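The structure under discussion appears below in the form of structure tokens.
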Amino acid sequence: MIIRRTLLKTAAAASATSIIGMPAIAQGTKKISFLTWNIIDQKELIEGWIKRFQSTRPGVEVEWLDKKGPEFSPFYQTQLVAGTAPDVINTQGALGLEYAAQGALMDLTPLFAKEAAVKGRYDPNYLGNWVYEGKNYMVPFYITKTLLFYNKPMFAKAGLSGPPKSFDEILAFAEKMTAGDTSSGFMTLNFDWLYWPLLKMNGVELLTADLKKTAFNTPKAIEVFDRLAKATANNSINKIAWTGRWVEPNGAFGAGNIGMLHAHSPAYFFFKGQGSWVTPETLGVTHMPGNWATPNSHGLGISKSTKQPELAWDFLKFITDTGQASELGSRRKLLTGNVAVDKGTLAQLQKDDPMVHTILSTQLEHTDKMTGNWRLGNDSRIKEAFWPEVQSVLLGRKDAKTALADADRRVTRELGRS
Amino acid sequence: MASKGTQASWLGLRHLTLMVIAFLMLVPFYWVIKTAITNENIYAYPPNLLPQNPHLFNFVDVWYLIPFPRYLLNSIIVSAIAVAGNVVFNAMAGYALTRQFAGRNVVLALFLSCMLIPFQATIIPAYLITAKLGLLNTYFGLALPMLSTIICIFVFKAAFEAVPRSLIDAARLDGLSEWRIIMRVLMPLSKPAVATNVILTFIWSWNNFLWPLLITRDPLMQTLPLGLARFLSYMEDTTGALYAFAVMVLAPSILVFLMAQKEFIRGLTSGATKG
Amino acid sequence: MGASKTWWGQQRNRQLALVVCFLLPSLIIFFLYRILPLGWNVMLSFQSWSPLRPAEWIGFEHYVEMWTYDDVFWIALKNTLIFIAASPLAIAAALGIALLVNSDLKGASVYRTIVFLSYPLMTIAVGIIWRWMYDERGGIINYALRASGLTDEPIGFLQDFDWALPSVIFAEVWQILGFYMIILLTGLQSIPQNLYEAARIDGAPAWARFFRITIPMLRPSLFLCVVVGILNSFSSFDLVYIMTNGGPGHATELLITHIYKSGFVQTKFDYAAALTVVQFALLVVLTYVANKGAGGNAGAVERD
């Protein structure tokens, strides 16, 4: 036993030293690192981009790291503290704003000032998602916002001729399509403020325009939440809407017994794979009443601590340039926020996949009616202060008046912190 | 003196109880494997109790999608370092704790408290320390935080304390050094403790997920669970593939357990403990 | 054995030196990866800091906030205590299994392996598997309940405010049972058989042999199991995070999930550090009580 152990230890020590003694990068190579959010399925594509980039810029090396949701933050924050944050990073939703507020991202405004053509590439409304305190911090990588999917056969069976045009109709239609436990009328995603259109269409605001005070503790809001809670109680809104994240709500819609799903465009690809009922004839696509939508886009930014700012900016421009962006758009069937590229993607899809074309077209319509995307540097904290209270109401655990008062208290406290 | 009849029924009862327990413990596994070998929609109701059109594609796919052999090698090396370090260091520490010395209670309290610090709370300082030591992205750095574990120290301590003092005193009278006492007297009588150390340390180092995530930058230095999780990320448990991989990561730990667990059969030669 | 004063003095020093040497490797590891980080947390808990910003000393503000304002902390505390309180039941069950399996019963090693099978699973995997077992549509638990007629409607175990925590605890117990069994088996193996034989000759019945010999001799192993049960309130983090993420509401929020979310989701590392210190203090108290209950010295038993 001793001998085996000694052998093991020697072998281990040998490998350890061989790895420790790995040759350092050759002098003269400039290296940047690129961190993406959960896009490992496009491994080939991104490695292709990196090869292309490296071939046209000799002496340059790009290191690609991909992390998914819950691991992203520990990884990034640790790197931040250690001073080795990846040079170019891709974030989802409001996380980019939080990093900007933290001081982790480089201000892109001066770079845009010098290269107005680059700024002009991007859809201004989506680009505006990452403006914090008047400065640009990120550019779009790929963009999405919420829309309303609906199950046409279920609508027909309930005698409904078309999608709802108001909040009251949403609830009424949902009720018509509900049958005990087996089917529900309405479902929504709830993370990252995706449910906010339901409130905005009733005129409920989260905060005042200056983002300094709460604005949601109103009788109207109480009424809206009450109605939503009642609808959840009788299953016209399936309670997975408030308890699920991604798999459960989309999966439920894919199973074919939910009338309406309020989600952003990637959901289509997910539930299509789950539900054999999904065809261009049976799936309806439209905007929510009032054309309100919450965006949930991916942005690209540069870390302030980068040692190669020009190279990082170069790479960022490269990825969002026509060649690369159009590849991303056509491979993954999404919109990249690069206006010209998206036009081309849509034109192609109109021929190849009309259903996806219809869905993605909605993403570019009514982009002035985007809500649920306040420029908050402490978005997560506000969310954490607000959502659990509201979830309790929707699931019938707490009454709306108390919950909103509690949420008011907690959000105010978070707003008051520096 | 129990009669043959009640002895037999007692035996039968034991078997029955164990079988019920075994069944309950296995149900989740059966369910997982069943899903891993089919591609049905796992959320459909009512669920199928038996697999429909079983196939092994999920298990095969992974071989092509990630550098499986390299990740496997990485995991083996890191776990080997961790297990070796643990058996040696923990035995030493466990032995030291059986001796009376000034400040023993303090050390005991220190060790016990060290256990109570969750890994998540140590992420940032642990990373910075490992960086300072120059061990980022290395096998040794991957294994370092796990080179000694407190639970296993206590396992050794308990095992060593179970050895009758008379034996130890006899050995000392014979002039054996402390090292020899550990190696010749205590360890052979603590085989279950060594086995426990090996099994537990292997499992913990094999399954360790967050630490490799944080300190490996080079994709080729990733360990197997990390590599698999990276692969799973965009599939979000819609098909059996996820469950196939959960089972695959489990296999080596079970193998180690099977190899080591024969130490848990009471040695027929328990004569050494007598008199 | 003749012992001059100097020789004896030497030997005591030699003994101490030896003990220190033997403890050193482990101590170094723990110093680097446990003690220093704990110190970092303690320091941070009295400061206001975020990565890239300089630290400011703010004294006890975080603790005051926790005590007077943070109701999530109190919920998490309650849930954590409930979680820990479930472990004695699990340990008792594991002891029963260990006793049944600890013999040359035919197939004992098979049963041992089956019970242990759940432990080497990554906690992430356990969380994923059980989340699916509890699922209202495709989950086998609901299916079994409905097929056997016990309920008509599916029960959303993980979505229900009252059922969520017990459901999570049940999954955790399923996983840890094998671990307890191993520790207890190791302990059972070290009980000298002659004690039982002597007792049998003296005419002691089975239950007396169990309570007078087995349990006392198992003290160190039982103590270890209790400590692991306490530890599990944070080492099963992945399980809870995957299954419910602390939800619904905060029904399954544990101190560790609150710490993690405060730190890595809300970037309140300083507050998370304060929470860590409080959790640490709580667990130290519980471990101390357990140690006292086991008779001190981690339950060590005096042997001849």
message = Quick test for you: out of B:A171, B:A159, pick the one residue that is buried (at least 20 other Cβ atoms within 10 Å of the Cβ) and either at pLDDT below 90 or more than 7 Å from chain C (Cβ to nearest Cβ) (or both).
response = B:A159
ask   = Taking into account only those residues within segment C:212-235 that are surrounded by 24 or more Cβ atoms within 10 Å (Cβ to Cβ) and of a type in the set (G, A, S), which is farthest from C:A290 (Cα to Cα)?
value = C:S233
note = With the first residue restricted to segment B:174-202 and required to be touching a residue at least 40 places away in the same chain (Cβ under 8 Å), and the second required to be part of a loop (DSSP other than H, G, I, E, B), Cβ contacts under 7 Å at 6 or more apart or on different chains are B:L186/B:V163; B:L189/B:V163; B:T201/B:T149
inquiry  = For the condition modelled with pLDDT under 90, β-branched (V, I, T) and within 16 Å of the chain's Cα centre (by Cα), what is the one hit in C:T123, C:T80, C:T113?
reply    = C:T123
Filtered residues of segment C:35-59 (kept if under 23 Å from B:S113 (Cα atoms) and either of a type outside the set (V, I, T) or more than 12 Å from every other protein chain (Cβ to nearest Cβ) (or both)) = C:L36, C:P37, C:L38, C:G39, C:W40, C:N41, C:M43, C:L44, C:S45, C:F46
query = Conditions: (1) under 26 Å from B:T196 (Cβ atoms); (2) among the aromatic types (F, W, Y); (3) at pLDDT 90 or above. B:Y127 meets all but one. Number of the miss?
reply = (1)
query = Quick one: how many residues across segment B:140-167 are closer than 19 Å to C:F31 by Cβ and in a loop (DSSP other than H, G, I, E, B)?
reply = 3
key: Breaking point among (1) at the interface with another protein chain (Cβ under 10 Å from one of its Cβ atoms); (2) closer than 24 Å to C:Y111 by Cβ; (3) surrounded by fewer than 22 Cβ atoms within 10 Å (Cβ to Cβ), for C:G156   = (2)
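Out of A:V341, A:V390, which single residue is open to solvent by less than 50 Å² (accessible area, probe 1.4 Å), away from chain C (no Cβ under 13 Å) and in a helix (DSSP H, G or I)?
None of the other options fit; the residue is A:V341.
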query = On the given criteria, is C:V101 within 11 Å of chain B (Cβ to nearest Cβ) and touching a Lys or Arg at 6+ places or on another chain (Cβ under 7 Å)?
reply = yes
inquiry  = Residue pairs, Cβ under 7 Å, 6 or more apart or interchain, first in segment A:240-252 and within 21 Å of A:R397 (Cα to Cα), second assigned to a loop (DSSP other than H, G, I, E, B) and open to solvent by less than 30 Å² (accessible area, probe 1.4 Å). List them.
reply    = A:A241/A:N190; A:W242/A:N190; A:T243/C:G247; A:T243/C:P248; A:P249/A:L189
remark   = By my count, helices (runs of 4 or more DSSP H) wholly in segment C:33-108 with at least 2 residues that are open to solvent by 30 Å² or more (accessible area, probe 1.4 Å) and closer than 30 Å to B:L16 by Cα are C:87-101
request  = Can you give me the number of residues within segment A:263-319 that are touching a Phe, Trp or Tyr at 6+ places or on another chain (Cβ under 8 Å), open to solvent by less than 10 Å² (accessible area, probe 1.4 Å) and assigned to a strand (DSSP E or B)?
outcome  = 7
query = Within segment C:16-34, can you find the residues that are more than 7 Å from chain B (Cβ to nearest Cβ) and within 27 Å of the chain's Cα centre (by Cα)?
reply = C:L24, C:L27, C:I28, C:F31
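Give the residue, chosen from A:P110, A:P58, that is within 21 Å of A:P309 (Cβ to Cβ), more than 22 Å from the chain's Cα centre (by Cα), in a loop (DSSP other than H, G, I, E, B) and not β-branched (V, I, T).
Values: A:P110 fails: in a loop (DSSP other than H, G, I, E, B).
On inspection, the qualifying residue turns out to be A:P58.
Return the only residue of C:G149, C:G187 being away from chain B (no Cβ under 12 Å) and either surrounded by fewer than 22 Cβ atoms within 10 Å (Cβ to Cβ) or part of a helix (DSSP H, G or I) (or both). Before the answer, list the steps.
Values: C:G187 fails: away from chain B (no Cβ under 12 Å).
Step by step, each of C:G149, C:G187 is checked, and only C:G149 is away from chain B (no Cβ under 12 Å) and either surrounded by fewer than 22 Cβ atoms within 10 Å (Cβ to Cβ) or part of a helix (DSSP H, G or I) (or both).
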task = State which residue pairs qualify: first residue over 12 Å from C:Y33 (Cα atoms) and inside segment B:128-139, second residue surrounded by fewer than 17 Cβ atoms within 10 Å (Cβ to Cβ) in any location, beta carbons under 7 Å apart, and separation of 6 or more residues or different chains.
result = B:N137/B:R217; B:N137/B:D218; B:T138/A:I20
Matching option when the condition is hydroxyl-bearing (S, T, Y) and open to solvent by 10 Å² or more (accessible area, probe 1.4 Å), among A:T188, A:T243 = A:T243
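In segment B:91-132, what residues are more than 19 Å from C:N41 (Cα to Cα), open to solvent by less than 10 Å² (accessible area, probe 1.4 Å) and facing chain C (nearest Cβ under 7 Å)? Steps first, answer last, please.
Within segment B:91-132, the first condition is being more than 19 Å from C:N41 (Cα to Cα), and the residues that meet it are B:91-109.
Now restrict to residues that are open to solvent by less than 10 Å² (accessible area, probe 1.4 Å): B:91, B:93-97, B:108.
Matches in segment B:91-132: B:A93, B:Y95, B:A96, B:L108.
The values are calculated or read from the model by the stated rules, or taken from the named source; none is laboratory data. Because the structure is predicted, anything quoted here is derived from the model rather than measured. All Cβ positions, even for glycine, are placed from backbone atoms using ideal geometry, and neighbour counts span all protein chains on display. Remember, those area values only see protein heavy atoms, side chains included, never the ligands or the DNA or RNA. Shrake-Rupley method; radii C 1.70, N 1.55, O 1.52, S 1.80 Å.
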